[in-house]
1. Hey, among 189, 193, which residue is among the hydrophobic types (A, V, I, L, M, F, W, C), open to solvent by less than 40 Å² (accessible area, probe 1.4 Å), touching a residue at least 60 places away in the same chain (Cβ under 8 Å) and touching a Phe, Trp or Tyr at 6+ places or on another chain (Cβ under 6 Å)?
2. Scan region 40-63 and give yes if some residue there is touching a strand residue (DSSP E or B) at 6+ places or on another chain (Cβ under 8 Å), under 20 Å from residue 208 (Cβ atoms) and outside any helix (DSSP H, G or I), otherwise no.
3. Suppose the filter is in contact (Cβ under 8 Å) with a residue 12 or more places away in the chain, open to solvent by less than 80 Å² (accessible area, probe 1.4 Å) and within 17 Å of residue 52 (Cα to Cα); does residue 154 pass it?
4. Among the residues of region 86-100, are any at pLDDT below 95, open to solvent by 60 Å² or more (accessible area, probe 1.4 Å) and of a type outside the set (D, E, K, R)?
5. Please state which one of 145, 117, 112, 79 is aliphatic (A, V, I, L, M), assigned to a loop (DSSP other than H, G, I, E, B), touching a strand residue (DSSP E or B) at 6+ places or on another chain (Cβ under 7 Å) and open to solvent by less than 50 Å² (accessible area, probe 1.4 Å).
6. Does region 185-206 include one or more residues that are over 19 Å from the mean Cα position of the chain (by Cα) and among the basic types (Lys, Arg)?
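The values are calculated or read from the model by the stated rules, or taken from the named source; none is laboratory data. The structure presented is a predicted model; accordingly, all values stated were derived computationally and were not measured. Don't worry about glycine lacking a Cβ; one is built from the backbone with ideal geometry, like all the others, and counts go over all protein chains shown. Only protein heavy atoms, including side chains, enter the accessible area calculation; ligands, DNA and RNA are left aside. Shrake-Rupley method; radii C 1.70, N 1.55, O 1.52, S 1.80 Å.
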Amino acid sequence: MTPQDNPLRRWLQSLKGKNGRQPVLVKALRERDHRRVLRHFLALDSNDRLLRFGSMLSDERVEAYVAKLDFSKDIVFGVYNRVFQLVGVGHLAFTSKEAHPDSIHYTDKEKVAEFGVSVSTSARGQGVGTRLFERAAIHCRNSDVDTLYMQCLSSNRTMMHIAKKAGMEIQREYGEADAHLHLPPPSPASVLAEALEEQFAKIDYTVKANARAAWRLFRTRK
């Protein structure tokens, strides 16, 4: 069973967490999170930047990439840890199907989606990448986009695992992998699952932000 088969049940199961860990909540980011997104990418080492962007970007090119992010057009998802640090970022971009000529075999929609994800070293092995992908997939589904693409290096085992687990069709060529997933139409369960996750994530975000602010205030008064 893929995450698309029963999205509401899948999301409810994710609230249990794994091995006693807190559940991974994915929130849609806004312009106010811009600096944290930049900080997250700059903290990636050269190998992680290679896996995320397909090349070893310098700090200047990372800054240029983040500066071009349009939070009103594309969708950027994030996962915050207990101390209000952004430890996972997923970028969902919508483009015309002409950008992927083979998409004519998979969809009759005008748009398709492309997804990229990165996870901080401190959050590896906690399902952050998988949850970001699942959130991107359900958002596409609820936005009437039925084809989701993900490009990465074939050596990126984590992304290959996520792609295979999601049932994506993977094509490898010249060291790169191009995977795509065909999504079913939206359903009441998929719409409710996304709405609930965003609401829970907003509450979690507010609690962590207030705790961070209170800690800073306490530290300055000591």
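1. Going through 189, 193 in turn, just one is among the hydrophobic types (A, V, I, L, M, F, W, C), open to solvent by less than 40 Å² (accessible area, probe 1.4 Å), touching a residue at least 60 places away in the same chain (Cβ under 8 Å) and touching a Phe, Trp or Tyr at 6+ places or on another chain (Cβ under 6 Å): 193.
2. no
3. So residue 154 passes the test.
4. Looking for residues that are at pLDDT below 95, open to solvent by 60 Å² or more (accessible area, probe 1.4 Å) and of a type outside the set (D, E, K, R), one finds none in region 86-100, hence no.
5. 145
6. Checked against the condition, which is being over 19 Å from the mean Cα position of the chain (by Cα) and among the basic types (Lys, Arg), region 185-206 yields no hits at all.
Yes or no, residue by residue, for (1) in contact with a Lys or Arg (Cβ under 8 Å, 6 or more places away or on another chain); (2) of a type in the set (A, V, I, L, M); (3) at pLDDT 90 or above:
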{"residue": "21", "(1), (2), (3)": "no, no, no"}
{"residue": "28", "(1), (2), (3)": "no, yes, yes"}
{"residue": "37", "(1), (2), (3)": "no, yes, yes"}
{"residue": "56", "(1), (2), (3)": "yes, yes, no"}
{"residue": "62", "(1), (2), (3)": "yes, yes, yes"}
{"residue": "65", "(1), (2), (3)": "no, no, yes"}
{"residue": "69", "(1), (2), (3)": "no, yes, yes"}
{"residue": "72", "(1), (2), (3)": "no, no, no"}
{"residue": "84", "(1), (2), (3)": "yes, no, yes"}
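Each row is one residue, and each column tells you yes or no for (1) out of contact with any Asp or Glu (no Cβ under 7 Å at 6 or more places or on another chain); (2) within 23 Å of residue 179 (Cα to Cα).
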residue: 34; (1), (2): yes, no
residue: 62; (1), (2): yes, no
residue: 81; (1), (2): yes, no
residue: 95; (1), (2): no, yes
residue: 108; (1), (2): yes, yes
residue: 113; (1), (2): yes, yes
residue: 123; (1), (2): yes, no
residue: 147; (1), (2): yes, yes
